[in-house]
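*Asks:* Take a look at the following structure, please.
The values are calculated or read from the model by the stated rules, or taken from the named source; none is laboratory data. The shown structure was predicted, so the numbers you read here are calculated from the model rather than taken from an experiment. Here Cβ is always computed from backbone atoms with ideal geometry, including for glycine, and neighbour counts include all displayed protein chains. Note: areas computed on protein heavy atoms with side chains; ligands, DNA, RNA excluded. Shrake-Rupley method; radii C 1.70, N 1.55, O 1.52, S 1.80 Å.
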Amino acid sequence: MTSDDFAPGRPKVYAHRGASAAFAEHTRAAYLQAIADGADGVECDVHLTRDQHVVLLHDANLDRTSTGTGPVAEHTLEELRSLDFSSWKGARIPEAYGGVADQFLTLPELLDILRGAGREIGLAIELKHPSPYRLKLEDGVLALLEEEGWTPEESRLENIQVSFMSFDTDSVQRLLQSVPKEHVCQLVDDFTVKELRQELGLGFLTGGAVANVMRATQLEAERVLDAGEASIAGPGIDYIREHARNVQRWLEAGRIFRVWTVDSEKDVALCQGLGIHEITTNKPAQVLKQLMVSS
């Protein structure tokens, strides 16, 4: 599939951390597979290392997706390169996608991969918070992109259309100081005490306190989208189902919708029926096939 096969009117498909159902998230193999699958764009999460390199990882800690342990921010890039970030997935990596030692990526390395796509492609960068480096993360990412040749006005880097995302409203406001709002996505989710206690292993009181903070974050994110300060709305698929009035209001106000993480046929159909503009999925090939059939 090439960009010429793009069906007018269908949602764009962004590969969530690459084709992460097939290969370990954020790895070279996952991104190369997403390009091969025909994804319109890819999504990545970024953190700063101890020596201030921008690296691709979702979690603030290394434990889940590598052979290392502890906070990403307390490790140097050299230390991270010595770890295995792919074997936990149990997927055999094709020789063309490199070996185990080639899978860990910095943001510049992902840019090189996308430059080699041979077509137009989107890149959605999520800035992860809380970060011990606070808004130095945003400053570091923007400085890096400018060094690579990115232009803020168009938010382009050669064949790559770049957009920025965060749940953290301070992050979004910092980005908006340099990036036009058309390229900034305010992420929003629906948090409950029960979910937080289960996901984070928190007690009742602690879970309630954290939920109050998260709820305040959600309300501020909703305010940003109500005010049109960011042009791209980034709700999760559960939020789409639970907050139909907000969704309809933002659609009518002209917000571009980028919905995550949409893997099931039912959820793809829901997004298509609502007129969602961009779908973020772990399964880009499967979602593209469904969209092509139904368009």
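*Asks:* Of all residues in the stretch 11-24, which are buried (at least 24 other Cβ atoms within 10 Å of the Cβ) and farther than 19 Å from GLN161 by Cα?
*Replies:* SER20, PHE23, ALA24
*Asks:* Just checking, how many residues over the stretch 25-46 are closer than 23 Å to GLU148 by Cα, touching a Phe, Trp or Tyr at 6+ places or on another chain (Cβ under 9 Å), of a type outside the set (Asp, Glu) and open to solvent by 10 Å² or more (accessible area, probe 1.4 Å)?
*Replies:* Counting residues in the stretch 25-46 that are closer than 23 Å to GLU148 by Cα, touching a Phe, Trp or Tyr at 6+ places or on another chain (Cβ under 9 Å), of a type outside the set (Asp, Glu) and open to solvent by 10 Å² or more (accessible area, probe 1.4 Å) gives 2.
*Asks:* Is one or more of the residues making up the stretch 33-41 free of Cβ contacts under 8 Å to residues at least 40 places away in the same chain and more than 18 Å from HIS16 (Cα to Cα)?
*Replies:* No.
*Asks:* Yes or no: the stretch 103-114 includes at least one residue that is of a type in the set (Phe, Trp, Tyr) and open to solvent by 60 Å² or more (accessible area, probe 1.4 Å).
*Replies:* no
*Asks:* While we're on this one: Cβ contacts < 6 Å: first residue on the phi > 0 side of the Ramachandran plot, restricted to the stretch 150-169; second residue open to solvent by 10 Å² or more (accessible area, probe 1.4 Å) and of a type outside the set (S, T, N, Q), any location; separation 6+ or different chain. Result?
*Replies:* Here the result reads SER155/HIS183; GLU158/ARG115, each pair linking the stretch 150-169 to a residue that is open to solvent by 10 Å² or more (accessible area, probe 1.4 Å) and of a type outside the set (S, T, N, Q).
*Asks:* Further question: Restricting to the stretch 67-81, what's the tally of residues that are of a type in the set (A, V, I, L, M, F, W, C) and over 11 Å from LEU48 (Cβ atoms)?
*Replies:* 1
*Asks:* Right, something else. Please go through the stretch 47-92 and pick out each residue that is part of a loop (DSSP other than H, G, I, E, B), in contact (Cβ under 8 Å) with a residue 60 or more places away in the chain and open to solvent by 40 Å² or more (accessible area, probe 1.4 Å).
*Replies:* GLN52, HIS58, ALA60, listed by residue number.
*Asks:* Now a separate question. Here are ALA117, ALA143: which of them is over 18 Å from the mean Cα position of the chain (by Cα), buried (at least 16 other Cβ atoms within 10 Å of the Cβ) and either of a type outside the set (Ser, Thr, Tyr) or part of a loop (DSSP other than H, G, I, E, B) (or both)?
*Replies:* ALA117
*Asks:* Given the conditions (1) at pLDDT 95 or above; (2) of a type outside the set (Gly, Ala, Ser); (3) farther than 21 Å from ILE125 by Cα, and given that GLU229 satisfies all but one, which numbered condition is not satisfied?
*Replies:* Of everything listed in (1) at pLDDT 95 or above; (2) of a type outside the set (Gly, Ala, Ser); (3) farther than 21 Å from ILE125 by Cα, GLU229 misses just condition (3).
*Asks:* I want to confirm something. Restricting to the stretch 165-181 and keeping residues that are under 16 Å from ALA216 (Cβ atoms) and hydrophobic (A, V, I, L, M, F, W, C), which single residue is most open to solvent (accessible area, probe 1.4 Å)?
*Replies:* Within the stretch 165-181, the match that is most open to solvent (accessible area, probe 1.4 Å) is PHE167.
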